[in-house]
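Read the structure below first, then the notes.
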Amino acid sequence: MPYICEIRKKLNEIKEKDEVIILAIETSCDETSAAVVKNGRAVLSNIIASQIELHRHYGGVVPEIASRKHVEAVNPVIDEAMREAGIGFDRLDGIGVTYGPGLVGALLVGLSTAKALAYALSLPLVGVDHIEGHISANYISHPNLEPPFLCLVVSGGHTHLVWVKDYGDYEVVGMTRDDAAGEAFDKVARVLGLAYPGGPSIDLISKKGNAQAIQFPRAYIDEDHFDFSFSGLKTAVINYLHNLKQRNETYKIEDVAASFQQAVVDVLVDKTIKAAEKTGLSRIAVAGGVAANSALRQCMTIRTREHGFELFYPQLVYCTDNAAMIGCAAYYKLIHGKIDDLFLNVEPSFSKIVADRRQY
Ligand code: KG4
Ligand code: ZN
């Protein structure tokens, strides 16, 4: 039977099924990950091959090296995910994959693999927006969480405040106008001579520092929109260090890190609370690599409690890039018949969620 006819048949069968199982693949940056997810919420396996050690040597992700490593890792990682889930390929109902945004070469490895599997196994292909994947990580950690809620997506490539109206229905109410929050962490860590990735390094060292030692700028904090800006903060840290150096003065790296981190956290938390108030939402979720930050978690917990919001976080493993979150997002698309054909291409710098943004 031609592929397209097989897929129509599969979509009809899925409507009747109690168990819908998806193999998901994520290769948008420097983690090669494959996961098997049942009914969108139960993670049967989630294998992550991280390239962090490799890129650490260069102080950041080298795109060409990332692509090559994905090529080497993707098949073994998929095999491992299937083995750990304890199922055969014949039990799968669909293939989910990140198609963007991310590094073009890295995305191509995952998408080509997903297309090959979908065609060979006659399974529906579901392309997932990486940002939607991060948001969906919360469904895994909180089985009872349902839309609507407000989600702060903070990672190395994204800083977005997203009004999650329903599964697959999003409205961006605010976003960064320059650097992403994680990018700021990584760049400031580099200036301070801390190891890549900078977020976890700054998080750790800040625990020994005074977060009030230096008053770094909090961009847009008093403005009534929900956009962010972190490049000025990064420059402020660089200038601060430069001035001290010129005067031959020393500084406590712990204090600089903690003060920088506090400036990021203050803006993220403040804007999130204001956006939740404006949209009238009572639940707030946080997602993405920076959602692992301990100061952000602590401050967000205190402030949301003060304002009477319910707060949700993914477990740490689902904050940074992983395929389980992609499998979750793919499930809700698949059961609503939102699948892709085999002409799907990568979208390195385009996100439909962001493109649909209305000015708030
Ligand atoms: O979600 P993710 O794995 O990849 C992207 O989609 O970008 O996020 C990676 C980012 C990096 O910038 C990293 O420094 C940051 O998340 N990150 C953290 C922490 N853990 C990871 N930032 C602050 N504190 C952390 N504990
Ligand atoms: Zn990510």
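Rule-based calculations on the coordinates, nothing more; no lab input. If you're wondering where the values come from, they're calculated on a predicted model, not measured in any experiment. Please note: Cβ atoms are built from the backbone with ideal geometry, for glycine as well, and neighbour counts cover all protein chains shown.
Quick notes on this one:
- Gyration tensor over alpha-carbon atoms, region 33-165, equivalent ellipsoid semi-axes in Å: 23, 22, 14
- The value of relative contact order for the chain, using C-alpha pairs under 8 Å at least six residues apart, is 25 percent.
- The convex hull defined by the C-alpha atoms of region 223-324 has an orientation-averaged projected area of 8.3 nm².
- Size descriptor for region 146-313, Kirkwood hydrodynamic radius: 16.1 Å (Cα pairs only, one decimal).
- Viscosity 1.002 mPa s, temperature 20 °C, Stokes-Einstein D of region 273-334 from Kirkwood C-alpha radius, µm²/s: 166
- Measuring r between the beta carbons of residue 294 and residue 252 and using R0 = 22 Å, the FRET efficiency lands at 0.70.
- With loop membership from DSSP and a limit of 16 other Cβ atoms within 10 Å, the longest segment of the chain without GluC sites (Glu not before Pro) is 20-222.
- Note on region 179-252: semi-axes of the ellipsoid equivalent to its C-alpha gyration tensor, largest first and rounded to whole Å, are 21, 16, 12.
- Region 1-55: C-alpha gyration tensor shape, a/c 1.5 cut-off, then a/b vs b/c: oblate
- Distance from region 55-87 to region 140-187 (C-alpha centre basis), Å: 25
- Reachable lysines, given that their alpha-carbon falls under 27 Å from the alpha-carbon of residue 165 and they are not under 8 places away in the same chain: 15, 17, 38, 271, 274, 278, 333, 338, 352
- Per DSSP, loop trypsin sites (Lys or Arg not before Pro) in region 1-99 with at most 15 further Cβ within 10 Å: 17
- Summarising the overall dimensions of the chain from its C-alpha atoms, the Rg and Dmax are 20.8, 76 angstrom.
- Cα gyration tensor, region 93-191 - rounded (a/c under 1.5), prolate or oblate: oblate
- Per-residue [θ]222 nm for the chain (sum of -39500 (n - 2.57) over DSSP H runs n ≥ 4, rounded to 500): -15000 deg cm²/dmol
- Chymotrypsin sites (Phe, Trp or Tyr not before Pro) restricted to DSSP loop in region 38-102 with at most 13 other C-beta within 10 Å: 58
- Paramagnetic reach from residue 16 (point 7 Å along Cα→Cβ, amide N under 18 Å) across region 65-108: 91-94
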